[in-house]
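First the structure, in the form of structure tokens, and then the observations on it.
The values are calculated or read from the model by the stated rules, or taken from the named source; none is laboratory data. The structure displayed is predicted, hence computed values, not measured ones. Quick reminder, even Gly has a Cβ in these numbers, built from the backbone with ideal geometry, and neighbours come from all protein chains shown.
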Amino acid sequence: MLPAYITHPDCQKHDMGPHHPECPERIGAVNDQLLMKGLLDYMDQCDAPLATREQLVRAHSGFYLDEFAEIAQQVPDGKLVQIDPDTSINEFSYQAALRSAGALVMAVDLVAGGKAPSAFCNIRPPGHHAERSNAGGFCFFNNVAVGIRHAIAVYGVERIALIDFDVHHGNGSEDILFNDEHVLMCSIFEKNIYPFCGDVPMGKNMVNVGLPSRSGGDVFRQAVLNQWIPALEKYQPQMIFISAGFDGHREDDMGNLGLVEADYEWVTKQIMRIADRFAQGRVVSCLEGGYALSALGRSAAAHVRVLIGAD
């Protein structure tokens, strides 16, 4: 069995306008690095399906799904409709969002279904800021939450860990999953930047670690070792999901943590050790942030190399 690589051309058609950091080129930046480093040769490349309403409603309210679909249907060709000050949609955005959520469903079907040892979803729009009833922060559907709820509902997975190392706290994932007895969410993020929350966890199943600006890799690694790893060892997850945001890189001006590729490689190794010990190596990772294209590609490649065991 090969690890799965899941993406779709529709993910590049969503466009929020010139100079927006969450741009279509992000998909290519990741894909090109994986191709250049030969990693795609060791992965099964799959096209993401469209998520269904049944799959989406496990993570989002029916009212929100209907409202977003109605807004999306009314977008004129070649125009943008603003969702919040930083987030907008074009005529292709709804389809792209369905593909992104569908990628996580496919990843779960492959990994939990015993057809792939792990999966990486190179998708956009990202998802971890999308709350149960709200879009925001460049996100429309909470892709990773859709995947987690699919794993619980269809495959009966009882203990799932969600690891989020994006520089921004995954407020949407926390909003959907707090106090879910089947989920432990571990988030490390930079304090005092968007979405300006996370310091006080919403539920007992949240391990939120806010770091000061300019913390650097050493502080990040200590936080993982001192706070994430003990919680994960105690929880013993049967499957692990990763919200893989690379905007904490020192070249990315969306955050200021000062991480480098070696830090993403290192944290992935820690996650895989937990996965191998408790979860039969079953890991599903999905792209979240990362906006400096060269740094994004290099960091994602470092992450995927460990994820698929090519390190």
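Structure summary
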{"read-out": "Selection within region 131-159 - in a helix (DSSP H, G or I) and among the basic types (Lys, Arg)", "value": "ARG149"}
{"read-out": "GLY38 more than 21 Å from ALA135 (Cα to Cα) and surrounded by 13 or more Cβ atoms within 10 Å (Cβ to Cβ)", "value": "no"}
{"read-out": "Pair list, Cβ under 9 Å, 6 or more apart: region 227-246 residue at positive phi, other residue at pLDDT 95 or above", "value": "GLN236/ARG159; GLN236/ILE274; GLN236/ARG277; GLN236/PHE278; GLN236/ALA279"}
{"read-out": "Within region 270-303, considering residues that are in contact with a Ser or Thr (Cβ under 8 Å, 6 or more places away or on another chain) and assigned to a loop (DSSP other than H, G, I, E, B), the one nearest to ALA116 (Cα to Cα)", "value": "ARG282"}
{"read-out": "Which numbered condition ALA48 misses (of (1) in contact with a helix residue (DSSP H, G or I) (Cβ under 9 Å, 6 or more places away or on another chain); (2) closer than 19 Å to SER133 by Cα)", "value": "(2)"}
{"read-out": "Pair list, Cβ under 6 Å, 6 or more apart: region 2-22 residue closer than 18 Å to ALA300 by Cβ, other residue aliphatic (A, V, I, L, M) and in a helix (DSSP H, G or I)", "value": "ALA4/LEU110; ILE6/ALA103; ILE6/MET106; ILE6/ALA107; CYS11/ILE27; CYS11/ALA96; GLN12/ILE27"}
{"read-out": "Among the residues listed as THR87, THR7, the single one being of a type in the set (Val, Ile, Thr), touching an Asp or Glu at 6+ places or on another chain (Cβ under 8 Å) and under 23 Å from SER173 (Cα atoms)", "value": "THR7"}
{"read-out": "Restricting region 57-113 to residues that are touching a Phe, Trp or Tyr at 6+ places or on another chain (Cβ under 6 Å) and in a helix (DSSP H, G or I), the residue that is surrounded by the most Cβ atoms within 10 Å (Cβ to Cβ)", "value": "ALA101"}
{"read-out": "Lone unmet requirement of (1) within 18 Å of GLY245 (Cα to Cα); (2) more than 14 Å from the chain's Cα centre (by Cα); (3) among the basic types (Lys, Arg) for ARG132", "value": "(1)"}
{"read-out": "Qualifying residue in region 273-284 (condition: touching a helix residue (DSSP H, G or I) at 6+ places or on another chain (Cβ under 7 Å), more than 21 Å from LEU184 (Cα to Cα) and touching a residue at least 24 places away in the same chain (Cβ under 8 Å))", "value": "no"}
{"read-out": "Filtered residues of region 36-57 (kept if hydrophobic (A, V, I, L, M, F, W, C), more than 10 Å from PRO3 (Cα to Cα) and in contact with a Leu (Cβ under 8 Å, 6 or more places away or on another chain))", "value": "CYS46, LEU50, ALA51, LEU56, VAL57"}
{"read-out": "Any chance LYS234 is surrounded by fewer than 18 Cβ atoms within 10 Å (Cβ to Cβ), under 18 Å from the mean Cα position of the chain (by Cα) and assigned to a helix (DSSP H, G or I)", "value": "no"}
{"read-out": "Test: residue in region 257-274 that is closer than 20 Å to ALA4 by Cβ, of a type in the set (A, V, I, L, M, F, W, C), surrounded by 19 or more Cβ atoms within 10 Å (Cβ to Cβ) and within 17 Å of the chain's Cα centre (by Cα)", "value": "yes"}
